[in-house]
1. When the dipole is taken about the Cα centre of the protein assembly as shown, and only Lys, Arg (+1) and Asp, Glu (-1) are charged at their Cβ, what size is it in debye, to the nearest 20?
2. Quote the FRET efficiency, to the nearest 0.05, computed for A:Gln185 versus B:Leu6 with a Förster distance R0 of 30 Å and r equal to the Cβ-Cβ distance.
3. Can you tell me the FRET efficiency between B:Val71 and B:Arg136 if r is taken as the Cβ-Cβ distance and R0 is 41 Å, rounded to the nearest 0.05?
4. How would segment B:68-222 be classified by its alpha-carbon gyration tensor: rounded, prolate or oblate, with rounded meaning a/c under 1.5 and the a/b versus b/c comparison settling the rest?
5. Rounded, prolate or oblate: which one fits segment A:126-219, using the alpha carbon gyration tensor with axes a ≥ b ≥ c (rounded when a/c is under 1.5, else prolate when a/b beats b/c, else oblate)?
6. With each pseudo-label sitting 7 Å past Cα toward Cβ, what's the A:Asp261-B:Ala79 distance in nm, one decimal?
7. Can you give me the Cα centroid spacing of segment A:121-147 and segment B:90-131 in angstrom?
8. Sum -39500 (n - 2.57) across every DSSP H segment of at least 4 residues in chain B, then divide by the residue count to get the 222 nm mean residue ellipticity, nearest 500.
Amino acid sequence: MRRRTLGTLSALALTGLLAACGGGDTSTSGSGSSSGSSQEALTFGTEGTYAPFSYHDEKTNDLVGYDIDVAKAVGEQLGRDVEFSENNWDSLFAGMEAKRYDGIANQVSITAEREAKYVFSAPYTVSTGVVVTRADDTSVTSLADIAGKTSAQSTTSNWAQTATEAGAKVEAVEGLTQAMTLLKQGRVDVTVNDQLAVLDYLKTSGDTGVKIAAETDDRTEQGFVFRKDEAETAQQVSDALAKLKADGTLAEISQKWFGQDVSGPAAG
Amino acid sequence: MDQSTLDLVRDSLVPLATGLVRGTIPLTIASFAIGMVIALVVALMRLSSVLVLQGIARFYVSVIRGTPLLVQLFLIYYALPEFGATWDPFPSAVVAFSLNVGGYASEVVRAAILSVPRGQTEAALTIGMNYPTTMRRIVLPQAARVAVPPLSNTLISLVKDTSLASSIQVVELLRKASEIAAPTYEFFALYSLAAVYYWIVCLVLSFGQTRVETRLNRHVAR
(Lines give C-alpha, C1' and ligand atoms only; values in the text may rest on other atoms or scores of the structure.)
Protein backbone atom coordinates (compact mmCIF):
# COMPACT_ATOMS: atom_id res chain seq x y z
CA MET A 1 0.00 0.00 0.00
CA ARG A 2 2.81 2.36 0.86
CA ARG A 3 4.51 1.87 -2.43
CA ARG A 4 1.31 2.50 -4.28
CA THR A 5 0.66 5.69 -2.36
CA LEU A 6 4.12 6.91 -3.23
CA GLY A 7 3.55 5.95 -6.85
CA THR A 8 0.31 7.89 -6.97
CA LEU A 9 2.00 10.87 -5.37
CA SER A 10 4.87 10.93 -7.79
CA ALA A 11 2.47 10.51 -10.70
CA LEU A 12 0.59 13.50 -9.38
CA ALA A 13 3.77 15.52 -9.03
CA LEU A 14 4.86 14.55 -12.52
CA THR A 15 1.53 15.56 -14.03
CA GLY A 16 1.85 18.83 -12.19
CA LEU A 17 5.30 19.51 -13.52
CA LEU A 18 4.28 18.63 -17.06
CA ALA A 19 1.29 20.90 -16.74
CA ALA A 20 3.50 23.67 -15.42
CA CYS A 21 5.72 23.37 -18.46
CA GLY A 22 3.02 22.85 -21.07
CA GLY A 23 0.12 24.86 -19.75
CA GLY A 24 1.84 28.21 -19.70
CA ASP A 25 0.55 29.47 -23.00
CA THR A 26 -1.61 32.43 -22.11
CA SER A 27 -2.35 35.16 -24.59
CA THR A 28 0.86 36.73 -23.33
CA SER A 29 3.37 35.39 -25.77
CA GLY A 30 6.61 36.80 -24.47
CA SER A 31 9.05 37.76 -27.17
CA GLY A 32 10.89 36.24 -30.05
CA SER A 33 8.42 36.53 -32.89
CA SER A 34 10.06 39.13 -35.04
CA SER A 35 8.87 38.23 -38.49
CA GLY A 36 11.21 40.18 -40.67
CA SER A 37 11.23 43.29 -38.54
CA SER A 38 14.56 44.46 -37.27
CA GLN A 39 13.36 45.79 -33.92
CA GLU A 40 11.75 43.82 -31.15
CA ALA A 41 7.99 43.78 -30.81
CA LEU A 42 6.04 46.69 -29.41
CA THR A 43 4.08 45.34 -26.44
CA PHE A 44 0.84 46.74 -25.06
CA GLY A 45 -1.21 45.93 -22.01
CA THR A 46 -4.95 45.90 -22.68
CA GLU A 47 -8.10 44.77 -20.91
CA GLY A 48 -9.44 42.30 -23.45
CA THR A 49 -12.87 42.76 -21.86
CA TYR A 50 -13.72 46.36 -22.83
CA ALA A 51 -15.94 46.30 -25.90
CA PRO A 52 -15.71 47.75 -28.49
CA PHE A 53 -12.17 48.92 -27.76
CA SER A 54 -10.44 45.74 -26.66
CA TYR A 55 -12.30 42.45 -26.38
CA HIS A 56 -12.51 38.90 -27.67
CA ASP A 57 -14.67 38.19 -30.71
CA GLU A 58 -17.54 35.87 -29.75
CA LYS A 59 -17.03 33.61 -32.74
CA THR A 60 -13.30 33.51 -33.37
CA ASN A 61 -12.12 34.33 -29.84
CA ASP A 62 -9.52 36.67 -31.38
CA LEU A 63 -8.54 39.82 -29.55
CA VAL A 64 -10.24 42.61 -31.51
CA GLY A 65 -11.44 46.18 -31.09
CA TYR A 66 -10.82 49.77 -32.03
CA ASP A 67 -7.74 50.16 -29.83
CA ILE A 68 -6.34 46.87 -31.07
CA ASP A 69 -6.74 47.96 -34.71
CA VAL A 70 -5.14 51.34 -34.06
CA ALA A 71 -2.22 49.74 -32.21
CA LYS A 72 -1.69 47.26 -35.04
CA ALA A 73 -1.78 50.05 -37.63
CA VAL A 74 0.83 51.92 -35.61
CA GLY A 75 2.99 48.80 -35.51
CA GLU A 76 2.70 48.39 -39.24
CA GLN A 77 3.66 52.02 -39.77
CA LEU A 78 6.73 51.55 -37.57
CA GLY A 79 7.62 48.18 -39.09
CA ARG A 80 7.38 46.50 -35.68
CA ASP A 81 5.30 43.55 -34.55
CA VAL A 82 2.68 44.37 -31.96
CA GLU A 83 1.90 42.06 -29.07
CA PHE A 84 -0.83 42.36 -26.48
CA SER A 85 -0.90 41.29 -22.88
CA GLU A 86 -4.29 41.12 -21.20
CA ASN A 87 -4.91 42.41 -17.73
CA ASN A 88 -7.68 43.90 -15.59
CA TRP A 89 -8.00 47.66 -15.86
CA ASP A 90 -6.98 48.24 -12.26
CA SER A 91 -3.80 46.22 -12.85
CA LEU A 92 -2.85 47.65 -16.25
CA PHE A 93 -0.61 50.37 -14.84
CA ALA A 94 0.97 48.03 -12.28
CA GLY A 95 1.86 45.67 -15.12
CA MET A 96 3.42 48.49 -17.13
CA GLU A 97 5.49 49.64 -14.15
CA ALA A 98 6.63 46.06 -13.65
CA LYS A 99 7.86 46.27 -17.27
CA ARG A 100 5.58 43.48 -18.42
CA TYR A 101 4.82 45.57 -21.51
CA ASP A 102 5.92 48.91 -22.97
CA GLY A 103 2.62 50.74 -23.00
CA ILE A 104 -1.15 50.50 -22.59
CA ALA A 105 -3.67 50.43 -25.44
CA ASN A 106 -6.98 50.70 -23.66
CA GLN A 107 -8.66 54.10 -24.17
CA VAL A 108 -6.50 55.68 -21.49
CA SER A 109 -7.70 59.24 -21.04
CA ILE A 110 -4.99 61.86 -21.00
CA THR A 111 -5.07 63.53 -17.58
CA ALA A 112 -2.66 65.83 -15.77
CA GLU A 113 -2.11 63.28 -12.98
CA ARG A 114 -1.18 60.55 -15.44
CA GLU A 115 1.01 62.88 -17.47
CA ALA A 116 3.00 63.61 -14.33
CA LYS A 117 3.87 59.94 -13.98
CA TYR A 118 3.79 58.58 -17.53
CA VAL A 119 4.19 59.76 -21.09
CA PHE A 120 1.35 59.79 -23.61
CA SER A 121 1.29 59.43 -27.36
CA ALA A 122 -0.80 61.81 -29.44
CA PRO A 123 -4.52 61.10 -28.87
CA TYR A 124 -6.35 58.73 -31.20
CA THR A 125 -9.83 59.14 -29.73
CA VAL A 126 -11.70 62.24 -28.76
CA SER A 127 -14.95 61.78 -26.90
CA THR A 128 -17.02 63.06 -24.04
CA GLY A 129 -18.15 61.45 -20.85
CA VAL A 130 -21.77 60.65 -20.15
CA VAL A 131 -23.80 60.18 -17.00
CA VAL A 132 -25.96 57.05 -17.05
CA THR A 133 -29.01 56.62 -14.83
CA ARG A 134 -31.95 54.23 -14.61
CA ALA A 135 -34.44 54.88 -17.40
CA ASP A 136 -37.12 56.11 -15.00
CA ASP A 137 -34.81 58.48 -13.13
CA THR A 138 -35.46 62.10 -14.07
CA SER A 139 -33.40 63.71 -11.33
CA VAL A 140 -30.22 64.00 -13.39
CA THR A 141 -29.98 66.37 -16.31
CA SER A 142 -26.39 67.53 -15.92
CA LEU A 143 -23.18 66.31 -14.33
CA ALA A 144 -23.75 68.67 -11.38
CA ASP A 145 -26.91 66.75 -10.45
CA ILE A 146 -24.95 63.69 -9.36
CA ALA A 147 -23.74 65.52 -6.22
CA GLY A 148 -24.66 63.43 -3.18
CA LYS A 149 -25.58 60.41 -5.31
CA THR A 150 -23.74 57.10 -5.42
CA SER A 151 -21.79 56.37 -8.57
CA ALA A 152 -20.32 53.01 -9.67
CA GLN A 153 -16.80 53.35 -11.10
CA SER A 154 -13.50 51.52 -11.52
CA THR A 155 -11.53 53.27 -8.80
CA THR A 156 -8.48 54.14 -10.85
CA SER A 157 -10.47 55.28 -13.88
CA ASN A 158 -10.55 58.99 -14.65
CA TRP A 159 -14.35 58.77 -14.62
CA ALA A 160 -14.15 57.95 -10.92
CA GLN A 161 -12.42 61.27 -10.47
CA THR A 162 -14.98 63.10 -12.59
CA ALA A 163 -17.73 61.60 -10.42
CA THR A 164 -15.91 62.45 -7.18
CA GLU A 165 -15.30 66.03 -8.27
CA ALA A 166 -18.97 66.38 -9.11
CA GLY A 167 -19.73 65.46 -5.50
CA ALA A 168 -20.80 61.84 -5.95
CA LYS A 169 -19.89 59.01 -3.60
CA VAL A 170 -17.93 56.42 -5.59
CA GLU A 171 -18.69 52.72 -5.29
CA ALA A 172 -15.84 50.58 -6.63
CA VAL A 173 -16.59 48.11 -9.44
CA GLU A 174 -14.62 46.08 -11.98
CA GLY A 175 -15.86 47.70 -15.15
CA LEU A 176 -18.70 49.17 -17.17
CA THR A 177 -21.04 46.17 -17.18
CA GLN A 178 -20.78 45.62 -13.46
CA ALA A 179 -21.60 49.31 -13.03
CA MET A 180 -24.69 48.88 -15.23
CA THR A 181 -25.81 45.87 -13.20
CA LEU A 182 -25.48 47.74 -9.89
CA LEU A 183 -27.34 50.64 -11.43
CA LYS A 184 -30.27 48.50 -12.56
CA GLN A 185 -30.38 46.72 -9.21
CA GLY A 186 -30.76 50.10 -7.52
CA ARG A 187 -27.56 49.71 -5.53
CA VAL A 188 -26.07 52.84 -7.07
CA ASP A 189 -27.72 55.91 -8.62
CA VAL A 190 -25.45 56.71 -11.56
CA THR A 191 -22.31 55.76 -13.42
CA VAL A 192 -20.05 57.99 -15.49
CA ASN A 193 -18.21 56.56 -18.46
CA ASP A 194 -17.00 57.16 -21.98
CA GLN A 195 -19.79 58.02 -24.41
CA LEU A 196 -18.59 55.53 -27.01
CA ALA A 197 -18.41 52.66 -24.54
CA VAL A 198 -21.89 53.42 -23.21
CA LEU A 199 -23.38 53.72 -26.70
CA ASP A 200 -21.87 50.35 -27.58
CA TYR A 201 -23.28 48.86 -24.39
CA LEU A 202 -26.79 50.18 -25.11
CA LYS A 203 -26.64 48.96 -28.70
CA THR A 204 -25.21 45.49 -28.01
CA SER A 205 -27.12 44.62 -24.85
CA GLY A 206 -30.43 46.17 -25.93
CA ASP A 207 -30.74 47.29 -22.33
CA THR A 208 -33.74 49.59 -21.86
CA GLY A 209 -33.39 49.82 -18.09
CA VAL A 210 -30.79 52.56 -18.27
CA LYS A 211 -30.35 55.75 -20.27
CA ILE A 212 -27.82 58.47 -20.94
CA ALA A 213 -29.06 61.30 -18.75
CA ALA A 214 -26.37 63.91 -19.34
CA GLU A 215 -23.07 64.62 -21.03
CA THR A 216 -20.09 65.85 -19.08
CA ASP A 217 -18.88 69.16 -20.44
CA ASP A 218 -15.25 68.12 -20.64
CA ARG A 219 -13.97 66.66 -23.86
CA THR A 220 -11.54 63.84 -23.19
CA GLU A 221 -8.71 62.60 -25.34
CA GLN A 222 -7.43 59.05 -25.24
CA GLY A 223 -3.95 57.96 -26.22
CA PHE A 224 -1.42 55.21 -25.76
CA VAL A 225 0.45 55.60 -22.49
CA PHE A 226 4.04 54.54 -21.79
CA ARG A 227 6.51 54.44 -18.93
CA LYS A 228 8.73 57.52 -18.82
CA ASP A 229 11.73 55.46 -19.92
CA GLU A 230 9.83 54.68 -23.14
CA ALA A 231 9.44 58.35 -24.06
CA GLU A 232 11.21 57.73 -27.34
CA THR A 233 8.74 54.98 -28.25
CA ALA A 234 5.85 57.31 -27.36
CA GLN A 235 7.29 59.89 -29.77
CA GLN A 236 7.60 57.32 -32.55
CA VAL A 237 4.02 56.20 -31.94
CA SER A 238 2.82 59.82 -32.07
CA ASP A 239 4.59 60.31 -35.42
CA ALA A 240 3.02 57.12 -36.73
CA LEU A 241 -0.44 58.27 -35.54
CA ALA A 242 0.04 61.60 -37.35
CA LYS A 243 0.79 59.74 -40.60
CA LEU A 244 -2.18 57.40 -40.10
CA LYS A 245 -4.37 60.42 -39.46
CA ALA A 246 -3.13 62.13 -42.62
CA ASP A 247 -3.61 59.14 -44.91
CA GLY A 248 -7.11 58.42 -43.60
CA THR A 249 -6.33 55.10 -41.92
CA LEU A 250 -7.52 56.27 -38.50
CA ALA A 251 -10.77 57.60 -39.92
CA GLU A 252 -11.30 54.26 -41.66
CA ILE A 253 -10.74 52.22 -38.48
CA SER A 254 -12.99 54.60 -36.62
CA GLN A 255 -15.77 54.28 -39.20
CA LYS A 256 -15.53 50.51 -38.94
CA TRP A 257 -16.19 50.46 -35.20
CA PHE A 258 -18.37 53.51 -34.59
CA GLY A 259 -19.79 54.60 -37.95
CA GLN A 260 -18.22 58.01 -37.41
CA ASP A 261 -14.75 59.50 -37.06
CA VAL A 262 -13.85 59.63 -33.39
CA SER A 263 -10.12 59.97 -33.90
CA GLY A 264 -10.11 63.72 -33.37
CA PRO A 265 -8.57 66.62 -35.29
CA ALA A 266 -5.45 66.22 -37.39
CA ALA A 267 -1.92 66.63 -36.02
CA GLY A 268 -1.10 66.70 -32.35
CA MET B 1 -33.25 33.97 -19.98
CA ASP B 2 -34.20 34.54 -23.61
CA GLN B 3 -33.17 32.47 -26.59
CA SER B 4 -30.06 34.42 -27.51
CA THR B 5 -28.73 34.08 -23.97
CA LEU B 6 -29.35 30.35 -24.06
CA ASP B 7 -27.55 30.14 -27.41
CA LEU B 8 -24.62 32.06 -25.98
CA VAL B 9 -24.44 29.73 -22.97
CA ARG B 10 -24.52 26.72 -25.29
CA ASP B 11 -21.79 28.20 -27.50
CA SER B 12 -19.72 28.96 -24.40
CA LEU B 13 -19.72 25.42 -23.01
CA VAL B 14 -16.61 24.42 -24.93
CA PRO B 15 -14.59 27.66 -24.58
CA LEU B 16 -15.19 27.66 -20.81
CA ALA B 17 -14.21 23.99 -20.64
CA THR B 18 -10.98 24.99 -22.41
CA GLY B 19 -10.31 27.55 -19.71
CA LEU B 20 -10.95 24.84 -17.13
CA VAL B 21 -8.77 22.19 -18.76
CA ARG B 22 -5.91 24.46 -19.82
CA GLY B 23 -5.94 26.93 -16.96
CA THR B 24 -7.75 25.98 -13.79
CA ILE B 25 -6.94 22.26 -13.67
CA PRO B 26 -3.18 22.36 -14.48
CA LEU B 27 -2.82 25.29 -12.11
CA THR B 28 -4.55 23.34 -9.35
CA ILE B 29 -2.62 20.12 -9.90
CA ALA B 30 0.80 21.77 -10.17
CA SER B 31 0.22 24.01 -7.16
CA PHE B 32 -1.17 21.21 -5.01
CA ALA B 33 1.65 18.80 -5.87
CA ILE B 34 4.39 21.34 -5.17
CA GLY B 35 2.48 22.68 -2.17
CA MET B 36 2.32 19.22 -0.60
CA VAL B 37 6.09 18.81 -0.88
CA ILE B 38 6.56 22.20 0.78
CA ALA B 39 4.01 21.27 3.45
CA LEU B 40 5.81 18.06 4.35
CA VAL B 41 9.19 19.77 4.55
CA VAL B 42 7.84 22.65 6.63
CA ALA B 43 5.97 20.29 8.96
CA LEU B 44 9.11 18.24 9.55
CA MET B 45 11.07 21.45 10.15
CA ARG B 46 8.58 22.56 12.79
CA LEU B 47 8.74 19.15 14.48
CA SER B 48 12.53 19.02 14.42
CA SER B 49 14.57 19.82 17.48
CA VAL B 50 16.71 22.36 15.59
CA LEU B 51 15.56 25.76 16.79
CA VAL B 52 16.60 27.64 13.62
CA LEU B 53 14.56 25.31 11.39
CA GLN B 54 11.61 25.63 13.75
CA GLY B 55 11.87 29.40 13.63
CA ILE B 56 12.01 29.56 9.83
CA ALA B 57 9.00 27.26 9.52
CA ARG B 58 7.00 29.27 12.08
CA PHE B 59 7.79 32.53 10.30
CA TYR B 60 6.80 31.13 6.91
CA VAL B 61 3.46 29.77 8.14
CA SER B 62 2.77 33.01 9.96
CA VAL B 63 3.37 35.16 6.86
CA ILE B 64 1.35 32.88 4.57
CA ARG B 65 -1.60 32.69 6.92
CA GLY B 66 -1.40 36.34 7.87
CA THR B 67 -1.59 37.88 4.39
CA PRO B 68 -4.31 37.64 1.73
CA LEU B 69 -3.73 35.24 -1.14
CA LEU B 70 -4.47 37.99 -3.66
CA VAL B 71 -1.72 40.12 -2.13
CA GLN B 72 0.71 37.18 -2.32
CA LEU B 73 -0.12 36.79 -6.02
CA PHE B 74 0.37 40.50 -6.67
CA LEU B 75 3.68 40.55 -4.79
CA ILE B 76 5.09 37.71 -6.86
CA TYR B 77 3.74 39.03 -10.13
CA TYR B 78 4.21 42.78 -9.77
CA ALA B 79 6.85 43.27 -7.10
CA LEU B 80 9.44 40.61 -7.99
CA PRO B 81 10.20 42.24 -11.39
CA GLU B 82 11.52 45.19 -9.36
CA PHE B 83 14.23 42.81 -8.22
CA GLY B 84 14.89 41.48 -11.68
CA ALA B 85 12.73 38.33 -11.54
CA THR B 86 10.06 38.63 -14.20
CA TRP B 87 8.09 35.41 -14.52
CA ASP B 88 5.24 34.68 -16.88
CA PRO B 89 1.72 34.68 -15.44
CA PHE B 90 1.30 30.92 -15.19
CA PRO B 91 4.55 30.12 -13.31
CA SER B 92 3.97 33.16 -11.08
CA ALA B 93 0.55 31.79 -10.17
CA VAL B 94 1.93 28.30 -9.54
CA VAL B 95 4.59 29.70 -7.21
CA ALA B 96 2.10 31.84 -5.29
CA PHE B 97 -0.48 29.07 -4.92
CA SER B 98 2.16 26.45 -4.02
CA LEU B 99 3.57 28.66 -1.27
CA ASN B 100 0.06 29.32 -0.01
CA VAL B 101 -0.97 25.67 -0.01
CA GLY B 102 2.36 24.77 1.59
CA GLY B 103 1.71 27.13 4.50
CA TYR B 104 -1.79 25.93 5.25
CA ALA B 105 -1.20 22.23 4.56
CA SER B 106 1.95 22.12 6.71
CA GLU B 107 -0.22 22.67 9.77
CA VAL B 108 -2.47 19.81 8.67
CA VAL B 109 0.51 17.54 8.10
CA ARG B 110 2.05 18.52 11.42
CA ALA B 111 -1.17 17.75 13.30
CA ALA B 112 -1.51 14.45 11.47
CA ILE B 113 2.05 13.42 12.35
CA LEU B 114 1.46 14.37 15.98
CA SER B 115 -1.65 12.19 16.00
CA VAL B 116 0.53 9.08 15.62
CA PRO B 117 1.43 7.98 19.15
CA ARG B 118 4.98 8.93 20.09
CA GLY B 119 5.57 5.38 21.33
CA GLN B 120 5.57 4.06 17.78
CA THR B 121 8.47 6.26 16.77
CA GLU B 122 10.37 5.27 19.87
CA ALA B 123 9.70 1.60 19.23
CA ALA B 124 10.87 1.89 15.62
CA LEU B 125 14.06 3.70 16.63
CA THR B 126 14.67 1.09 19.30
CA ILE B 127 14.63 -1.76 16.79
CA GLY B 128 17.27 0.08 14.77
CA MET B 129 15.33 2.01 12.13
CA ASN B 130 16.75 5.42 11.41
CA TYR B 131 14.62 8.59 11.49
CA PRO B 132 13.82 8.86 7.74
CA THR B 133 12.81 5.21 7.53
CA THR B 134 10.68 5.52 10.66
CA MET B 135 8.92 8.51 9.18
CA ARG B 136 8.39 6.89 5.82
CA ARG B 137 7.34 3.45 6.95
CA ILE B 138 5.70 3.93 10.35
CA VAL B 139 4.52 7.48 10.92
CA LEU B 140 3.55 8.98 7.55
CA PRO B 141 1.29 6.11 6.36
CA GLN B 142 -0.73 6.45 9.55
CA ALA B 143 -0.67 10.23 9.42
CA ALA B 144 -1.91 10.15 5.83
CA ARG B 145 -5.18 8.58 6.96
CA VAL B 146 -5.79 11.40 9.43
CA ALA B 147 -4.74 14.08 6.95
CA VAL B 148 -7.02 13.14 4.05
CA PRO B 149 -10.19 15.04 5.06
CA PRO B 150 -8.47 18.35 5.88
CA LEU B 151 -6.16 18.11 2.85
CA SER B 152 -9.19 17.52 0.63
CA ASN B 153 -10.54 20.76 2.03
CA THR B 154 -7.31 22.50 1.05
CA LEU B 155 -7.48 21.06 -2.46
CA ILE B 156 -11.11 22.05 -2.95
CA SER B 157 -10.37 25.57 -1.71
CA LEU B 158 -7.44 25.72 -4.10
CA VAL B 159 -9.64 24.91 -7.11
CA LYS B 160 -11.73 27.96 -6.35
CA ASP B 161 -8.81 30.15 -5.32
CA THR B 162 -7.22 29.69 -8.74
CA SER B 163 -9.90 32.09 -10.00
CA LEU B 164 -7.74 34.82 -8.43
CA ALA B 165 -5.12 34.07 -11.08
CA SER B 166 -7.41 35.80 -13.58
CA SER B 167 -6.21 39.04 -11.96
CA ILE B 168 -2.63 38.40 -13.07
CA GLN B 169 -3.42 37.59 -16.69
CA VAL B 170 -3.69 33.81 -16.41
CA VAL B 171 -6.39 32.65 -18.80
CA GLU B 172 -8.39 30.24 -16.68
CA LEU B 173 -12.07 29.52 -16.24
CA LEU B 174 -13.10 32.85 -14.76
CA ARG B 175 -11.05 34.96 -17.18
CA LYS B 176 -12.55 32.98 -20.06
CA ALA B 177 -16.02 33.74 -18.74
CA SER B 178 -15.19 37.45 -18.53
CA GLU B 179 -13.81 37.44 -22.06
CA ILE B 180 -16.98 35.94 -23.48
CA ALA B 181 -19.23 38.11 -21.33
CA ALA B 182 -17.51 41.39 -22.23
CA PRO B 183 -18.69 41.91 -25.83
CA THR B 184 -22.12 40.42 -25.11
CA TYR B 185 -22.68 41.99 -21.69
CA GLU B 186 -24.09 38.67 -20.47
CA PHE B 187 -22.10 38.55 -17.25
CA PHE B 188 -24.83 36.88 -15.22
CA ALA B 189 -25.18 33.92 -17.60
CA LEU B 190 -21.45 33.39 -18.07
CA TYR B 191 -20.56 33.68 -14.38
CA SER B 192 -23.37 31.24 -13.57
CA LEU B 193 -21.95 28.78 -16.07
CA ALA B 194 -18.49 29.22 -14.54
CA ALA B 195 -19.98 28.56 -11.10
CA VAL B 196 -21.50 25.30 -12.36
CA TYR B 197 -18.11 24.23 -13.76
CA TYR B 198 -16.32 24.93 -10.48
CA TRP B 199 -19.03 23.07 -8.63
CA ILE B 200 -18.73 20.00 -10.86
CA VAL B 201 -14.95 19.85 -10.33
CA CYS B 202 -15.43 20.06 -6.58
CA LEU B 203 -18.09 17.33 -6.66
CA VAL B 204 -15.64 15.05 -8.44
CA LEU B 205 -12.97 15.84 -5.84
CA SER B 206 -15.38 15.14 -2.97
CA PHE B 207 -16.16 11.79 -4.54
CA GLY B 208 -12.42 11.09 -4.83
CA GLN B 209 -11.97 12.01 -1.18
CA THR B 210 -14.55 9.41 -0.12
CA ARG B 211 -12.80 6.76 -2.19
CA VAL B 212 -9.37 7.55 -0.74
CA GLU B 213 -10.73 7.59 2.81
CA THR B 214 -12.35 4.20 2.36
CA ARG B 215 -9.14 2.76 0.96
CA LEU B 216 -6.89 4.13 3.68
CA ASN B 217 -9.29 2.96 6.36
CA ARG B 218 -9.63 -0.59 5.16
CA HIS B 219 -7.06 -1.98 7.60
CA VAL B 220 -8.52 -0.10 10.52
CA ALA B 221 -11.14 -2.04 12.45
CA ARG B 222 -14.07 0.04 13.57
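The values are calculated or read from the model by the stated rules, or taken from the named source; none is laboratory data. Source: prediction; values computed, not measured. Cβ: placed from backbone, ideal geometry, glycine included. Neighbour counts: every protein chain shown. Remember, those area values only see protein heavy atoms, side chains included, never the ligands or the DNA or RNA. Shrake-Rupley method; radii C 1.70, N 1.55, O 1.52, S 1.80 Å.
1. Numbers: 40 positive and 50 negative charges, 779 e Å.
Magnitude of the dipole: close to 3740 debye.
2. Values: r = 22 Å, r/R0 = 0.75.
About 0.85, to the nearest 0.05.
3. With R0 = 41 Å, the Cβ-Cβ based efficiency is 0.70.
4. Values: a/c = 4.27, a/b = 1.76, b/c = 2.42.
Taking the square roots of the gyration eigenvalues as a ≥ b ≥ c, segment B:68-222 is oblate.
5. On the way: a/c = 1.22, a/b = 1.14, b/c = 1.07.
In terms of gyration-tensor shape, rounded.
6. Placing both labels 7 Å along Cα→Cβ, they lie 5.0 nm apart.
7. Distance between centres, Cα-based: 58 Å.
8. Values: 10 runs with 165 residues, N = 222.
Calculated at 222 nm, the ellipticity per residue is -25000 deg cm²/dmol.
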